[in-house]
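Chemist: Handing you this structure, nothing more for now.
The values are calculated or read from the model by the stated rules, or taken from the named source; none is laboratory data. No experiment lies behind these values; they were computed from the predicted model shown. Counting neighbours? That spans all protein chains shown, and the Cβs are built from the backbone with ideal geometry, glycine included. To get the accessible areas, we keep the full protein, side chains included, count just its heavy atoms, and leave off ligands, DNA and RNA. Shrake-Rupley method; radii C 1.70, N 1.55, O 1.52, S 1.80 Å.
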Amino acid sequence: RLRYLLLSLWLLHGTDSFYVPGVAPINFHRNDPVEIKAVKLTSSRTQLPYEYYSLPFCQPGKITYKAENLGEVLRGDRIVNTPFQVSMNVEKKCEVLCNLPNKAITLTVEQSKLIAERIREDYYVHLIADNLPVATRLEFYSNREEEEKKKEKDVQFEHGYRLGFMDGNKFYLHNHLSFILYYHREDVEESQEPTYRVVRFEVIPQSIKLEDLKADEKSVCTLPEVTGSAPQEIDPTKENQLLFTYSVHWEESDIKWASRWDTYLTMSDVQIHWFSIINSVVVVFFLSGILSMIIIRTLRKDIANYNKEDDIEDTMEESGWKLVHGDVFRPPQYPMILSSLLGSGIQLFCMILIVIFVAMLGMLSPSSRGALMTTACFLFMFMGVFGGFFAGRLYRTLKGHRWKKGAFCTATLYPGVVFGICFVLNCFIWGKHSSGAVPFPTMVALLCMWFGISLPLVYLGYYFGFRKQPYDNPVRTNQIPRQIPEQRWYMNKFVGILMAGILPFGAMFIELFFIFSAIWENQFYYLFGFLFLVFIILVVSCSQISIVMVYFQLCAEDYRWWWRTFLVSGGSAFYVLIYAIFYFVNKLDIVEFIPSLLYFGYTALMVLSFWLLTGTIGFYAAYMFVRKIYAAVKID
């Protein structure tokens, strides 16, 4: 088994590095223009992205924004052209960026204050060239032996470049950018002109004082010696004069175009711990095996005892779950809300399964900017037909009659909560003039998708689900409900949630760290092979824990399992919430009110969605189990 597990992990790891590129490669000839575009400014301290020209950077003659997909808009990307003039394989020593050569730019007090504030908030600037994001190279010595330290440095890359830095209470702006672009020379026939492809985009940001930058009328400048130059200070209390300059250096690289994203995808300073992942997989399968064995052995013994013809009365007295056979399928309170939540859970399950599977095959790579979020939004809308079908069929099984109201509840309950929270958070982001605020036309488009695609599909699915034969329950329900004996303390709902959540959370908390880093620290997440494996383990562990918990509940002669199973199976969402608070306190440097509100608002949505997902998985597993065991015993 371990050999098969290791083989599957190796195959999944192989999947991580393979992807179908989002765009076709662009071939450049020498002197062809390579357009540098700006994406946004980001900070993990404020979680509020801003568009590039929210700061007084040099602007081109005409500003053009790229048409963006839904995912890019929701991420806060505002891709715009910049005045950087870069040509393929043409070096530039130093050039003044703005149109006026030899004349310094004067920043007003307000602009100086804004730049100083953004530097204090630790903002990064994100540029792209040929759809490749810019990265800053970081070199450092690892904890090796002293002899090795002298020879070799470890290299890592961080996304974008820092807007500036602080020294004491002084602010310094990075006003000179040294671009280093790597190209791969393509194989062509001798008679043809050589073609090149951009395979890496690096920047070395520098802060150089105005007096040290000597510029002439042709916009050409001279950089000072590294040792003798002073940085460009930004004083927020007065006007500041400075020059924006840049240089371009080209280097040939062996990296092929298909592998050019590898540099960016290995940026994380915490490498995946193979041992930890294999360990969690083995522990989960081991525990699952033990639970299954105990349940199956105990059940066989129970069913054999119940089906004995003799001593039936003695058996009935000492037994547990057969006693409640006349009440176990009694419809619960609020069947419409239960079936609506389960319908949304089915919608989420189908959407997440397809997104992770497609991303694992490499079709939603980071080069297709915003594709993951766009796909997830559209899939959730279209999966409404499955959510409606399962909700409608369950609602009919629970003796519900108002199918139209049930369908409306399914289509609006969970999406309504999500939309409400997002709208409130969006108002706060609007107040900050951040590019992360969803524009009004996009919000209208999302509402049209919700009421024009999702709602009709949910109604369609609900109609067919409600018309279909209800689930066949193997035993009849008594007229008078049975009295429930007093329960032990460990049968309490909250104790059940705590117990049931540990195993599924243990299976996924390693991946959770990387997902949180991708969301809150602007990292790329690409380990969808591992995520798919973790998702399968999550489904298995949720199902088994749910079956164990419902078995213990029925043995204690408590037949109110419908809602309880749904709540208890989502117990791992409680641990996700605890982990999110731990991550906020220990990993993030957020101190202001609005960033904190955004973090906990979006975390609440994640926890709610995760509870619906795991609760639905557990509920259906428990329902199948309950129908199976009561079908196996003879009922007089």
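Chemist: Tell me which residues, restricted to region 166-180, are out of contact with any helix residue (DSSP H, G or I) (no Cβ under 7 Å at 6 or more places or on another chain) and assigned to a strand (DSSP E or B).
Modeler: Asp167, Lys170, Tyr172, His176, Leu177, Ser178, Phe179, Ile180
Chemist: May I ask you to list the residues in region 481-496 that are surrounded by fewer than 21 Cβ atoms within 10 Å (Cβ to Cβ) and in a helix (DSSP H, G or I)?
Modeler: Matches in region 481-496: Trp489, Tyr490, Met491, Lys493, Phe494, Val495.
Chemist: Here's something else I'd like to know. Quick check on my filter: what residues within region 181-208 are surrounded by fewer than 17 Cβ atoms within 10 Å (Cβ to Cβ) and not in a strand (DSSP E or B)?
Modeler: Glu186, Asp187, Val188, Glu189, Glu190, Ser191, Gln192, Glu193, Pro194
Chemist: Let me ask something else about it. Scan region 28-42 for residues that are touching a His at 6+ places or on another chain (Cβ under 8 Å) and either surrounded by fewer than 16 Cβ atoms within 10 Å (Cβ to Cβ) or within 27 Å of Asn89 (Cβ to Cβ) (or both) and report the count.
Modeler: Number satisfying all stated conditions: 2.
Chemist: Going residue by residue through region 534-553, is there one that turns out to be open to solvent by 40 Å² or more (accessible area, probe 1.4 Å), of a type outside the set (Gly, Ala, Ser) and modelled with pLDDT under 80?
Modeler: no
Okay, residues lined up against (1) at pLDDT below 85; (2) loosely packed, with under 13 Cβ neighbours inside 10 Å; (3) touching a Lys or Arg at 6+ places or on another chain (Cβ under 7 Å); (4) assigned to a helix (DSSP H, G or I):
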{"site": "Leu11", "(1), (2), (3), (4)": "yes, yes, no, yes"}
{"site": "Thr15", "(1), (2), (3), (4)": "yes, no, no, yes"}
{"site": "Gly22", "(1), (2), (3), (4)": "yes, no, no, no"}
{"site": "Ser44", "(1), (2), (3), (4)": "no, no, no, no"}
{"site": "Gln47", "(1), (2), (3), (4)": "no, no, no, no"}
{"site": "Ile63", "(1), (2), (3), (4)": "no, yes, no, no"}
{"site": "Arg78", "(1), (2), (3), (4)": "no, no, yes, no"}
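Chemist: Among the residues of region 555-563, is there at least one that is open to solvent by less than 30 Å² (accessible area, probe 1.4 Å), closer than 30 Å to Val125 by Cα and either at pLDDT below 85 or among the charged types (D, E, K, R) (or both)?
Modeler: For region 555-563, residues open to solvent by less than 30 Å² (accessible area, probe 1.4 Å), closer than 30 Å to Val125 by Cα and either at pLDDT below 85 or among the charged types (D, E, K, R) (or both): absent.
Chemist: Oh, and also: Return the pair list, or none, for Cβ contacts closer than 6 Å from residues in region 503-526 that are assigned by the TED database to the domain that holds Val548 and more than 17 Å from Ile545 (Cα to Cα) to residues that are of a type outside the set (Asp, Glu) and open to solvent by 50 Å² or more (accessible area, probe 1.4 Å), at least 6 apart or on different chains.
Modeler: The qualifying pairs are Ser517/Gln523.
Chemist: Search region 453-473 for residues that are in contact (Cβ under 8 Å) with a residue 12 or more places away in the chain and pair each with any residue that is open to solvent by 70 Å² or more (accessible area, probe 1.4 Å) and in a helix (DSSP H, G or I) when their beta-carbon atoms are under 6 Å apart and the residues are at least 6 apart or on different chains.
Modeler: Every condition considered, the pairs that remain are Phe466/Arg396; Pro470/Arg396.
Chemist: Just checking, does region 371-382 include any residue being open to solvent by 30 Å² or more (accessible area, probe 1.4 Å), modelled with pLDDT under 95, over 30 Å from Arg467 (Cα atoms) and among the polar types (S, T, N, Q)?
Modeler: Checked region 371-382: at least one residue is open to solvent by 30 Å² or more (accessible area, probe 1.4 Å), modelled with pLDDT under 95, over 30 Å from Arg467 (Cα atoms) and among the polar types (S, T, N, Q).
Chemist: Just need a number here: residues in region 397-453 that are of a type outside the set (Gly, Ala, Ser), in a loop (DSSP other than H, G, I, E, B) and open to solvent by less than 30 Å² (accessible area, probe 1.4 Å).
Modeler: Total meeting the criteria: 2.
Chemist: Determine, yes or no, whether Ile119 is modelled with pLDDT of 85 or more, open to solvent by less than 40 Å² (accessible area, probe 1.4 Å), within 37 Å of the chain's Cα centre (by Cα) and farther than 29 Å from Thr237 by Cβ.
Modeler: no
Chemist: All but one of (1) under 32 Å from the mean Cα position of the chain (by Cα); (2) modelled with pLDDT of 75 or more hold for Leu299, so report the exception by its number.
Modeler: (1)
Chemist: Determine whether Tyr53 is at pLDDT 90 or above and in a helix (DSSP H, G or I).
Modeler: Here the answer is yes, as Tyr53 does meet what is asked.
Chemist: Considering every residue within region 626-635, establish whether at least one is open to solvent by less than 20 Å² (accessible area, probe 1.4 Å) and farther than 22 Å from Asp302 by Cβ.
Modeler: Among the residues of region 626-635, not one is open to solvent by less than 20 Å² (accessible area, probe 1.4 Å) and farther than 22 Å from Asp302 by Cβ, which makes the answer no.
Chemist: Which residue out of Phe566, Phe516, Phe524 is surrounded by fewer than 23 Cβ atoms within 10 Å (Cβ to Cβ) and outside any loop (DSSP other than H, G, I, E, B)?
Modeler: Phe516
Every residue, every condition in (1) outside the structural domain of Leu533 (by the TED database); (2) at positive phi; (3) over 25 Å from the mean Cα position of the chain (by Cα), yes or no:
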position: Leu379; (1), (2), (3): yes, no, no
position: Thr397; (1), (2), (3): yes, no, yes
position: Gly400; (1), (2), (3): yes, no, yes
position: Lys404; (1), (2), (3): yes, no, yes
position: Cys427; (1), (2), (3): yes, no, no
position: His433; (1), (2), (3): yes, yes, no
position: Ala437; (1), (2), (3): yes, no, no
position: Met443; (1), (2), (3): yes, no, no
